[in-house]
Ligand SMILES: [Cu+2]
């Protein structure tokens, strides 16, 4: 009886250690690219939505973001809002370079991920996976939090740790 209890406790500890090292391997194979503070400003009536996030390049090489996709949107593009003569326009961006150990942010009024042709049923409060594609063929998928049209930043919830975890998934 006693030795059984001891055995199962040891086995459980062994499993936990195994899970921990797997977790470490998992984040390493994201190859040093992190996506954090990811959110979508949802708009009603099938309007295109803007996706925002911080992309960090923790590698020693420049990376180039060349596209994005999501199973929840028919068409996804990289855009930049440009102000010219007091007019705000969106232009399509082919690639966004991120220098080694630097990050770039998609923010309202600047670079954004344009999410078009939304699939039915997307609502504020949900999480939607968006995959970012890089020029070397690498992809990183992060869960983007869908927020109301009035939202201006990556969430008032205290879930910073959660956001960091999302960046590690891919
Ligand atoms: Cu746009």
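Suppose we keep just the DSSP beta bridges with both residues in the stretch 32-168; what percent of those would be antiparallel, to 5?
Antiparallel bridges: around 95 percent, rounded to the nearest 5.
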*Spacing of the two label points (7 Å from each Cα toward its C-beta) at residue 117 and residue 83, in nm*: 3.4 nm
*Between residue 102 and residue 47, 0.36 nm times their residue separation minus their Cα-Cα distance comes to what?*
16.6 nm
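Values in this text are rule-based calculations from the coordinates and carry no lab data. Every value quoted in this text rests on a predicted model; they were computed, and no experiment measured them. Note that we place each Cβ from the backbone using ideal geometry, even for glycine, and neighbour counts take in every protein chain shown.
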